[in-house]
Amino acid sequence: MTGSSDAPLVNILNVEKTFGDGGGFLSTAQPIVNALNNVSLSIEKGDSFCLVGESGCGKSTLARTVIGLHPPTKGEIHYQGTRIDSLSAKGRQPFKRKMQMIFQNPYASLNPRMTVTQILEEPLKIHEKGMSKVALKEKVEEVMVSVGNDPAWGPRYPHEFSGGQRQRISIARALMLDPEFVVADEPISALDVSIQAQVLNVMMDAQEKRNLTYLFITHDLSIVEHFGSKVAVMYLGTVCELAEVKNLFDAPRHPYTQALLSAIPKIDGSGVNHIKMSGEVPTAMDLPSGCVFHPRCPYANERCRRDIPTLADNGNTKTACFAVEEGRV
Amino acid sequence: MALLEVKDLEVEFPLGRVTLQAIRKVSFSLEKGERLGIVGESGAGKSVAAFSILNLLSRPGRISGGEVLFEGRDISKLDNRQMRSIRGNQISMIFQDPMMTLNPVLTVATQLIECLKAHRKISDKEAWDISISKLKEVMIPSAEERMESYPHELSGGMRQRVVIAMALLTDPEIIIADEPTTALDVTIQAEIMVLMLELCKSNNVGLILITHDLAVVSQVTERILVMYAGRVVEEGRTQEVITNPKHPYTRGLLKALPQENTAGSRLNQIRGSMPSLNALPQGCAFNPRCEYANKECSQLVPKLEGHKGHSAACIHTKEIPPFNSELGKV
C-alpha cells in the first residue's frame, strides 16, 4: 500500500539518540545513555507498524524522536520525502497536524482542569484559527461518536470517566485534526483486558475510516500479531529484526525474537516453556561491543563480540545477526 | 480439612455516609501445596480478598462477616500480636512492585536477616546462612555479593527474586502473590513464573496467585476463581474453566483475547465497564453487560452452583452453548 508519492510516509534514517552529557561548569558529568543506535526504518502509508521490545530498549524514545518531542542526536527523519527533524518549530507546524500521538496513561495525558470539549477543541484552535463555533462543535461531536463516546460528555471533566473512556477521549483528541500518521505509545497497557479489546477495536475502526498509518508501540506481542502489519523488534536501542507480522510469528529468525516469542504466556495449557536467556539486559550506558545481544545469546562467537551486525535480508525477515547470516541458528 | 478455608467472607469500607461492600460472600479453600489463581479486572475485589486473609486491609476497610480458617483456626479475629506469628511466617506475601516492597536504604542482607529474626530466635550467623541459601534457591547469581547490595543496584527481575526469597525465608505453608510479574518484562515474567512454580512444587507450598492475566494463571495454577464486582462468579479446575467457561463474564474475558487466525479482525469486546461499588446494579452485577441477561437476572443474585467442582454464578449456564472458540496460542 504505497501512497501517491513514491517516498515512504515516514522514513527514519540512521537515527541515533543519546541522553546526558559530559558535564560542564558547576555540573558533574552525567553518564551518556545510548538510547538509539543507528536505527533505520521506513513506514509506508496504511501500515500498522509495531515496535516491540522490553523496557529500556528505546521503543518510546524512537516514537518521541519521530514525532519531534526531542531531536535525534544524529540521523534524519523524513515525512513524505521532506526532512523534518531539522525544521524550526514554525516550519514544523504543518507536519505537526498530520502527526498525532496517543500516550500510554490516560490518567496523565488529559488535563484534569479542562472539560472534554476544551480538550478536544484545543488542537483545532491552534491549527485551524478562525474555525466557527458551530463547525468546532460539529467536529467534536463527529469525532466523539466515531470513538464510541457519548457527545453529551462534552462538559464533563476527565476524572469522571473510567480508564477505557479516557483512553477513547485521548484517541479522539489525536483524531481531531484528521492526521495521517498516529503514534500510539502503549495505548492499552494501562487498561483491563475487556477494555483493551474495546480500545483496540476503536483504533482499528479509525484506521479503516480515516486511512491512518500507525506507529504502535507495545510490549505485548499477542497484540502485535492481531493488530500489526509490520513489526520491528528492538533490543538495547537497536533494531534486531524487521518483518511482516505474519512472517515474524511464523518463523522468527533472530535469537532474541525467538526468546521473546517463546516467553509469551500461552493459554492452551502447554505450560511455561520458554527459551532461557542467560544474564541480564545490559545498561544502555555501557553498551557491549559488537552485537548488543551477544552477552546473552546462545549462538554468539568471536565475530559477534567484535563487529556490529546490520539489518540484512534473510528470506522473509530482515535480521541483524551474524549467526543467522552464517546459518548457525 | 483444608489448609486454608475462607467462608462467606464479607469486607466493607465505611466511608462517611456510605459503606462500600468490596467483598460479598466469598468462599474458597486451599489444600496443602495447592496452587489457586484469583482472576478479575481492577476493582473486582481480588486483592482485597487476598489481603483480608492476612488482615492487611487498609483503613477503614474491615472484615464484616464470615471467617478465615487457617489450619482449622479462625484467624480473621486475631489481634495484631497474634496475627504477626502467622503473617510473614506461616503465610507470606509477595506484592506487585518489588521496589515498593524492599526498603531502599537497607541492604538485602539487613532486610532478610531482620525478617528471619522477627520470627525465630536465631543468631545473626544462622540467619545469614539461611538467607544465602534462599537467595541461591531463587537462582540469584553470586548470592554472597548480592547480600551487600541495595535494592536500586538490582534489576527488576532480581529484586522480585529477592522478594520471593524473603517470602520463602520462614518456610511458609502458603504464599499469597499479588500480581507478582505485572511490573516485569515478558521474558523476566516467564522466568519468575517458572521459578515460583518450581519452588511451590518442590517445597510443597500453597500458592494464591492474584492476577488479571488469564494466560499466566493457566500456566501456573491448578484451580481458579473468577471474581466480578466483589463476588466469585466462577470456580473450577483451571483447565476446565479455561477450555469450557460457564459464566458469560469468564467467556467474555477469554473471547476478548486476540486469538489465532483472527489477525486484523475486530476483537470480541464486553460492552460497558465494571460498575463502581457504590452503584452496583440490582440482581446479578454483570447483567447490564451480559448478552444473555433477562428480567430474572436483574432481580435476584445468582448462587454459585455447579458440579464436579466447576461452578458458576449464573442462571443461564444450561442455555449457553458450549464454549468452543479455538483458544490456541495467543
Would you mind giving the three semi-axes, in whole Å and largest first, of the ellipsoid equivalent to the stretch B:129-223 according to its Cα gyration tensor? 22, 16, 10
Write down the percent of antiparallel bridges among all DSSP beta bridges whose residues are both part of the protein assembly as shown, to the nearest 5. 60 percent
Compute the long axis of helix B:186-203 from its Cα atoms, compare it with the longest principal axis of the Cα atoms of chain B, and write down the angle in degrees, 0 to 90, nearest 10. 80 degrees
Kirkwood hydrodynamic radius, the stretch B:133-177, all distinct C-alpha pairs: what's the number in Å? 10.9 Å
Farthest towards the positive end of the dipole of the stretch A:159-234, among A:Ser162, A:Leu175, A:Tyr214 and with Cβ unit charges of +1 on Lys and Arg and -1 on Asp and Glu, lies the Cα of A:Leu175
With an 8 Å cut-off on Cα pairs and a minimum separation of 6 or more residues, tell me the relative contact order of chain B in percent. 20 percent
Sort out for me the Cα centre separation of the stretch A:300-329 from the stretch B:134-206, rounded to whole Å. 34 Å
With a ≥ b ≥ c from the Cα gyration tensor eigenvalues, square-rooted, and the rule rounded for a/c under 1.5, otherwise prolate when a/b > b/c and oblate otherwise, the protein assembly as shown is oblate
Cα-based convex hull volume of the stretch A:174-329 per residue, rounded to whole Å³: 149 Å³
Using alpha-carbon pairs under 8 Å, 6+ residues apart, how would you state the relative contact order of the stretch B:1-75 in percent? 46 percent
Taking only DSSP H segments of four or more residues, each worth -39500 (n - 2.57), what value at 222 nm results for the protein assembly as shown once the sum is divided by all its residues, to the nearest 500 deg cm²/dmol? -9000 deg cm²/dmol
For the stretch B:20-136, the dipole about the Cα centre with charges only on Cβ (Lys and Arg +1, Asp and Glu -1), to the nearest 20 debye, works out at 220 debye
Once a ≥ b ≥ c are taken as the square roots of the eigenvalues of the Cα gyration tensor of chain A, is the result rounded (a/c under 1.5), prolate (a/b larger than b/c) or oblate (a/b not larger than b/c)? prolate
Could you work out the percent of alpha carbon pairs in the stretch B:205-258 separated by over 17 Å, rounded to a whole number? 28 percent
Please report the Cα spread of the stretch A:1-90 along all three principal axes, rounded to whole Å, starting with the longest. 53, 34, 19
Phi-based couplings in Hz for the stretch B:6-18 (Karplus 6.51, -1.76, 1.60; Gly and Pro marked x): 9, 10, 6, 5, 10, 10, 10, 10, x, 10, x, 6, 9
Total formal charge among the other residues, if their Cβ is under 12 angstrom from that of A:Val145, Lys/Arg +1 and Asp/Glu -1: -2
Backbone HN-Hα couplings from phi across the stretch A:237-242 [Karplus 6.51/-1.76/1.60, Hz, Gly and Pro as x]: x, 10, 7, 9, 8, 9
Rounded to a whole number, what is D in µm²/s for chain B from Stokes-Einstein with the Kirkwood radius over alpha-carbon pairs (20 °C, 1.002 mPa s)? 102 µm²/s
Shape call, the stretch B:30-72: gyration tensor on alpha carbons, a/c limit 1.5: oblate
Once each part is reduced to its C-alpha centroid, what is the distance from the stretch A:253-269 to the stretch A:93-130 in angstrom? 37 Å
12 Å beta-carbon shell around B:Gly306, net charge (K/R +1, D/E -1): +1
Amide H neighbours of A:Ile84 under 5 Å, counting only residues 5+ apart in sequence or on other chains, H built in-plane at 1.01 Å? A:Ile77, A:His78, A:Tyr79
Sequence-distant or interchain residues sharing an amide H contact under 5 Å with B:Gly37, placed H: which? B:Leu209, B:Glu222, B:Arg223, B:Ile224, B:Leu225
Go through the stretch A:28-40 residue by residue and turn each phi into a ³J(HN,Hα) via Karplus (6.51, -1.76, 1.60, θ = phi - 60°); whole Hz please, and just put x for glycine and proline. 6, 5, 9, x, 8, 9, 8, 6, 9, 10, 6, 9, 10
For chain B, the charge dipole (Cβ of Lys, Arg +1; Cβ of Asp, Glu -1; about the Cα centre) points to a positive end, and the Cα of B:Leu169, B:Gly156, B:Ala50 closest to that extreme belongs to B:Ala50
Positive minus negative residues near A:Glu244 (Lys, Arg vs Asp, Glu; Cβ under 12 Å): -2
Regarding the stretch A:36-129, what is the average projected area of its C-alpha convex hull, in nm²? 7.8 nm²
Answer in debye to the nearest 20: the dipole magnitude of the protein assembly as shown about its Cα centre, from +1 Lys/Arg and -1 Asp/Glu charges placed on Cβ, is 1280 debye
Relative to the longest principal axis of chain B, what angle (0 to 90°, nearest 10) does the C-alpha long axis of helix B:108-119 take? 80 degrees
Quick one: of the DSSP bridges fully inside chain A, what percent are antiparallel, nearest 5? 60 percent
Gap in Å between the Cα centre of the stretch A:1-77 and the Cα centre of the stretch B:222-267? 39 Å
Helix B:156-168 axis, angle to chain B major axis (alpha carbon atoms, nearest 10°): 80 degrees
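Read the figures in this text as sums done on the coordinates, not as results from a lab. Here the structure is a predicted model, which means the values were calculated and not measured. Note that we place each Cβ from the backbone using ideal geometry, even for glycine, and neighbour counts take in every protein chain shown.
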